[in-house]
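Comments concern the structure below.
Any read-out appearing in this document is the output of simple, stated calculations on the displayed coordinates, not a laboratory observation. Values in this document were obtained by computation on a predicted structure and should not be read as measured data. Glycine also receives a Cβ, built like all others from the backbone with ideal geometry; neighbour counts cover every protein chain displayed.
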Amino acid sequence: MSHHPTIAVVGSGPIGSAYARVLVEQLPDARVVMFEAGPQLTAIPGESVRNIPDPDEKQRARELSQGPQSGALRESLGIPAGVVVEGMFTARQGTHLLDFGGEGSAHAPTFPAAAAATNVGGQGAHWTCATPSPAFSEKIAFIPDEEWDDLLATAKDLLHVQSAAFADSAVGEGIRSLLEEEFGDELPEGYGPGTLPVAGDPQPDGSMRWAGADVVLGPLIDPASPLSERFTLHDLSFVRRIVVEGDRAIGVEVEDLRTKETRFVGADLVVVAADAFRTPQLLWASGIRPVALGRYLTEHHVVITTIAVDADRIGRFASEQDLEAEIARRSLNPADPVAAVNRIPFSEPDHPFSLQVMYAENPPFQLDPTHPAAGNRWGYVNMGYGVRKHPRVEDGVTFSDDELDYRGLPNMTIEYALTDVENAEIAEATELLRRAGGALGTFVAEPRLLPNGSSLHYMGTTRIGETDDGTSVADPWSRVWGVDGLVVGGNGVIPTANTMNPTLMSVAVAVRGARKAAEDLS
Ligand code: FAD
């Protein structure tokens, strides 16, 4: 092992960034080189696009992240114009569908909303920043409880998590009180309605600077810090292959998407954090094919609705003055007007769901001006229950050696189905959503189940496990079974059935993997 180890990180999202940060901090002689297939969007690498004040610039940053669905910007991203059809629909802004319908598109008829972001900071430049912690069976049983606590605390520091964001909003408190009246008696102590932790830094004017991979990288991208001298980030650099010699990863083959030149970069450790579909794809393309690779795909299904908040009901807890204060605060950042964020967390055995409750000035869709709830003075609540998917080997992504995708990697086909178990829990969550909505006001949209893939939280495809028994891809420290010097990171490592936003959990697992990798390298 070299005394000056080089670590190659594939992917610049929050997880690749967590590996980079911990490894540079823990290994005084190590260098980290990070490769990102997408472009850098902001002057500070990996910053959340939600912080961009100018609406046109924000829009452009989102389009630049949409890979094959970037329209006219596509060729500047090194994506050949000829391989993609025009006019297809896009996914959530800043992301691109895997099954976008053009030539070289993935096949995902049973998981149609599957999407990714291709840019510095990954999906972490576009995320909502909700950062709940896993609870009960969502946690990974082989990681001891005290270690979980420590890993989650470190992950919260890395992501700048605020556990009481917007807690001073009287309207937010009113919403919690109404939910408490409806559900309080049924929920265990400590698991009732509360504020939703979010990642960001509250500003003196009451607005939020949302966190992205930038805050995780921290000193690594601060030119004033000596740590920045041992970290390099290359954007528009697409890793085509992990190079393996014998049973050890020795580096990566990287294509510079500006010059189209491909070079080999040697490394003592390769960390692949390229999202839950492209990480297993890259392993497959490199001939690394554990039987569980791509299998056991899960997400959390989402049942959502929008409610116009009822003046009389909320008026029992919040005054006209409180509402004025709320409106004044929202007007500080009209481009990102979400204010109070609340939730009811997962608890077992009786509430295996996560409810996320976002208070907003407008519904997320155009409401007919003649609708009785249009222009509701007390605003709207967009809320949804996350419902778990129980892991099954049948659900997953496969890769073709014969058909290539638009980048020239083995193309993906996703196969996925809900079982009776999930359908029963979805029905239960829909009932709970009706009750929650009824407690807060009037339904503006009927509760509905979003199409598979809509959560954007894909898990299980590179799951970690205790033994190499064919049901996992990597060991408890995220080291790929059978290949030395290769670690996987991201939501794909999560082997459990989750109902919540998984990024905090994946950063925690990454911290564990990075600490072990630092030990292995020193
Ligand atoms: P990503 O952030 O996806 O980054 C992976 C990166 O790898 C990408 O930039 C990609 O371009 C790059 N890459 C892929 N292949 C290659 C290759 N071969 N070579 C080089 N680079 C490559 N999560 C939450 O927990 N809470 C939320 O509230 C939340 N809200 C969200 C809202 C939206 C709109 C979106 C889009 C996502 C949201 N998420 C949320 C999900 C969250 O953003 C992801 O969980 C998180 O970003 C995952 O981090 P990652 O580093 O594993 O992967």
With charges only on Cβ, +1 for K and R and -1 for D and E, what is the dipole size of region 475-522 about its Cα centre, in debye, rounded to 20?
140
Other-chain or far-sequence residues with amide H under 5 Å of R295's (modelled H)
V397
Per residue, how big is the convex hull of region 391-522 when only Cα atoms are used? Give it in Å³.
166
Size of region 92-144 as Cα extents on the principal axes (Å, biggest first)
47, 26, 15
Charged-residue dipole, Cβ positions (Lys, Arg, Asp, Glu), region 366-420 about Cα centre, Debye nearest 20:
580
The chain: proportion of alpha-carbon pairs further apart than 39 angstrom, %:
22
E253 paired with V393, simple spin-label distance in nm, labels 7 Å along Cα-to-beta-carbon
3.2
Selected from H457, P352, A373, residue furthest toward positive end of dipole (region 313-458; charges at beta carbon)
A373
When the helices in the chain are scored as -39500 (n - 2.57) per DSSP H run of 4 or longer and the sum is shared across all residues, what 222 nm value do you end up with, to the nearest 500 deg cm²/dmol?
-7000 deg cm²/dmol
Would you give the gap between the C-alpha center of region 306-382 and the C-alpha center of region 36-67, rounded to a whole Å?
27
Karplus 3J(HN,Hα) series, Hz, for region 501-509 with 6.51 cos²θ - 1.76 cosθ + 1.60 (x for Gly, Pro):
4, x, 5, 4, 4, 5, 5, 4, 5
Taking 8 Å as the Cα distance limit and 6 or more residues as the minimum spacing, I'd like the relative contact order of region 314-418 as a percentage.
17
Could you pull out every residue, at least 5 positions away or on a different chain, whose amide H is within less than 5 Å of the one on E47? Hs are placed 1.01 Å off N in the peptide plane, and Pro or chain starts have none.
T42, D214
Crossing angle, helix 320-330 versus the chain [Cα axis fit, 0-90 degrees, rounded to tens]:
20
Calculated FRET efficiency for the pair E180/T442, C-beta based, R₀ 22 Å, to 0.05
0.65
Peptides 143-149, 267-273: what's the order by average Cβ count within 10 Å, highest mean first?
267-273, 143-149
Distance-filtered residues of region 214-237 - backbone nitrogen under 11 Å, label point 7 angstrom along E57 Cα→Cβ:
none
Is there a quick way to get the dipole size of region 121-247? I mean about its Cα centre, with the Cβ of Lys and Arg at +1 and of Asp and Glu at -1; what is the value in debye to the nearest 20?
760
Mean separation of Cα contacts under 8 Å (6+ apart) over length of the chain, as relative contact order %:
22
What's the lysine pair count for the chain at a Cα cut-off below 26 Å, pairs eight or more apart or interchain?
5
Hey, what do the phi angles of region 226-235 turn into as Karplus ³J(HN,Hα) couplings, whole Hz, using 6.51/-1.76/1.60 and θ = phi - 60°, x for Gly and Pro?
x, 5, 5, 6, 9, 9, 10, 10, 10, 8
Short version: ³J(HN,Hα) in whole Hz for each residue of region 378-395, in order, from phi by Karplus 6.51 cos²θ - 1.76 cosθ + 1.60 (θ = phi - 60°), x for Gly and Pro, what are they?
7, x, 9, 10, 9, 9, x, 8, x, 10, 6, 10, 7, x, 9, 5, 5, 8
Can you list residues from other chains, or at least 5 along the same chain, whose modelled amide H is less than 5 Å from the amide H of S237?
E36, A37, G38, L257
Over region 124-276, what is the relative contact order in whole percent, taking alpha-carbon pairs under 8 Å and six or more residues apart?
17
